[in-house]
Structures are given as structure tokens and as C-alpha cells.
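Notes for the one structure printed next.
The values are calculated or read from the model by the stated rules, or taken from the named source; none is laboratory data. Fair warning: this is a prediction, and the values are worked out from it, not measured in the lab. Here Cβ is always computed from backbone atoms with ideal geometry, including for glycine, and neighbour counts include all displayed protein chains.
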Amino acid sequence: MIDLYGMCSPNVTKVTIMLEELGLPYRTHHVNVATGEQFAPDFLRLNPNNKVPVIVDGEGPDGRPFTVFESGAILLYLAAKTGRLLPAAPAARSVVEQWLMVQIASIGPMFGQYSHFCRFAPPGNDYGRDRYASETKRLFKVLEARLAAAPFLGGADYSIADVATFPWIRTARAFFPWLQSDDVPVRYPALERWLTEIGARPAVQRSLEVEQHFVALDLESFGKADAEAVDRFCGRGRFAQP
């Protein structure tokens, strides 16, 4: 059994997609970031970087429990554990890993910062919002070009690169202001094709049900959060690092 610690986040959803695709048994544990559970000593023993997701594989290497944090590392660990969704051939494997790194190094951070400046930044932060809006647009163009040339990010086959990237694109399409116009499918036809195809996969559908479970819990907890809780979550105010 695998224990998954998470909340509503694209980084958590990509792990649930992976677990569902692989058919691995798991149970979820909600981490209430609104109340600061990610900073609790018990959680920091799982992830000293105080972030979700984290998994604890009860049947890890040598049959012993094993903890993995960082969503990209979790996908690589699960792919190695099962021998699935990551090619064995060195060249094909490298292509998948390259596109996985695009999500980890660019899509996640840039989309996350754009979301932060749209949702949490006080007035007067137009530069930050515009900067990250521009980066999200650039990355959409990069993905569109890739998916116009190949069915999936890693090439001919569905892989952990797609698993990692899908939740971020799905979230962006739902919430980013510049992606709300009716001409988006026309501007990004290959990306829309890919998004629709992956979204229809049974394992992905099951994962999105888990995501809704986390959404309900997060809405409840953030609905009760005061200004200090939001500052702690954002790492600002008195919670900013000295």
C-alpha cells in the first residue's frame, strides 16, 4: 500500500494519475496547508521541504517502507518500480525525461508564479503578473509545437511526461484569464487534442475524482483561513524569511 499526502494541486494530481495508471493501491491523507500542517514535525520528517505531494511506499526497495517527496521524483520512482510509462531504451528514455524536466523546471514554476500574482499579490504588481503571463504564453507555444510534431510529449507513446504536464495545462485552461477566449482551441489545436485525449483516459478520470475530494477539503480549510494563515501559506508578512 502507498500512502499519498497531498492537497488540491496539479503536482498532487499528477501523482494520483500515475498511481491510477499503474493500478497501484494507495490511500490519501489531506495536508491542511491553511493551518500549517506542512510545517508540523511529523510532516517535516517526511519532507523537510514542507511541500506536497509525498508518498510512503509500504513495499519499497528491499520490502521496506520508503518515502519519496517532489512530484517529479515520485513519478520516476513509480516508473522504475513498475517498469511502465518510461521507455527502457536510452534515447527514448532521455526524450521523455527532457519533457518531464520542462514541466518541472518551467511549466510548474512559471504557472505557479502567474497564479500567485493573479490570486494573492496586492495591487501594484502589474510587472510580476505580466512577466509570468508572458512566460505561460511562451510555454503554451512550446507545447503546441511539440504536440503538432508528435502524439505525446515523449513521442509516439504516452509517458510520465504527459502525466506530469496534463494537470498543469488543464488547470491553466480553467483559470488563467488569457486562456478564457473562445479562440483558444483554434490557436492551440494540437494541445487541445492532447488535453482531450488524456482527459478521457479512465485512470485520469478516476484521478480527477480524487482531486475533487481534495478540492472539497481545501475549500473548507481555506474558507476558514484568516489573513495570517494566508500570509503563512504565501510565506509573506511575518512569515517572510529574514
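Values for this structure:
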{"read-out": "Single residue of the stretch 94-110 satisfying the filter (in contact with a Gly (Cβ under 9 Å, 6 or more places away or on another chain) and surrounded by 15 or more Cβ atoms within 10 Å (Cβ to Cβ)) that is nearest to residue 157 (Cα to Cα)", "value": "96"}
{"read-out": "Hey, residue 113 assigned by TED's automatic domain parsing to the domain that holds residue 17 and either under 16 Å from the mean Cα position of the chain (by Cα) or among the acidic types (Asp, Glu) (or both) or not", "value": "no"}
{"read-out": "Candidates 107, 74, filtered to the one that is β-branched (Val, Ile, Thr), in a helix (DSSP H, G or I) and under 21 Å from residue 141 (Cα atoms)", "value": "107"}
{"read-out": "Test result for residue 68, part of a strand (DSSP E or B) and farther than 29 Å from residue 144 by Cα", "value": "yes"}
{"read-out": "Qualifying residue in the stretch 50-63 (condition: under 19 Å from residue 201 (Cα atoms) and touching a Ser or Thr at 6+ places or on another chain (Cβ under 6 Å))", "value": "no"}
{"read-out": "Count of the stretch 208-242 residues which are free of Cβ contacts under 8 Å to residues at least 12 places away in the same chain and among the hydroxyl-bearing types (Ser, Thr, Tyr)", "value": "0"}
{"read-out": "Residue that is outside the structural domain of residue 22 (by TED's automatic domain parsing), within 26 Å of residue 230 (Cα to Cα) and under 14 Å from the mean Cα position of the chain (by Cα), where the choices are 128, 108", "value": "108"}
{"read-out": "Near pairs, Cβ below 9 angstrom, 6+ apart or cross-chain, from the stretch 37-48 (closer than 19 Å to residue 229 by Cα) to any residue that is surrounded by 10 or more Cβ atoms within 10 Å (Cβ to Cβ) and acidic (Asp, Glu)", "value": "43/37"}
{"read-out": "Filtered residues of the stretch 27-51 (kept if surrounded by fewer than 18 Cβ atoms within 10 Å (Cβ to Cβ) and of a type in the set (Gly, Ala, Ser))", "value": "36, 40"}
{"read-out": "Candidates 176, 214, 152, 140, filtered to the one that is out of contact with any strand residue (DSSP E or B) (no Cβ under 9 Å at 6 or more places or on another chain), closer than 23 Å to residue 7 by Cβ and surrounded by 13 or more Cβ atoms within 10 Å (Cβ to Cβ)", "value": "176"}
{"read-out": "Members of the stretch 65-80 that are free of Cβ contacts under 8 Å to residues at least 40 places away in the same chain and either charged (D, E, K, R) or surrounded by 17 or more Cβ atoms within 10 Å (Cβ to Cβ) (or both)", "value": "68, 69, 70, 77"}
{"read-out": "From the options 33, 12, residue that is touching a residue at least 40 places away in the same chain (Cβ under 8 Å), part of a helix (DSSP H, G or I) and not assigned by TED's automatic domain parsing to the domain that holds residue 167", "value": "12"}
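For (1) in contact (Cβ under 8 Å) with a residue 24 or more places away in the chain; (2) of a type in the set (Ser, Thr, Tyr); (3) touching an Asp or Glu at 6+ places or on another chain (Cβ under 9 Å), each residue gets a yes or a no:
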{"site": "85", "(1), (2), (3)": "yes, no, yes"}
{"site": "88", "(1), (2), (3)": "no, no, no"}
{"site": "107", "(1), (2), (3)": "yes, no, no"}
{"site": "119", "(1), (2), (3)": "no, no, no"}
{"site": "126", "(1), (2), (3)": "no, no, no"}
{"site": "134", "(1), (2), (3)": "no, yes, no"}
{"site": "143", "(1), (2), (3)": "yes, no, no"}
{"site": "148", "(1), (2), (3)": "yes, no, no"}
{"site": "161", "(1), (2), (3)": "yes, no, yes"}
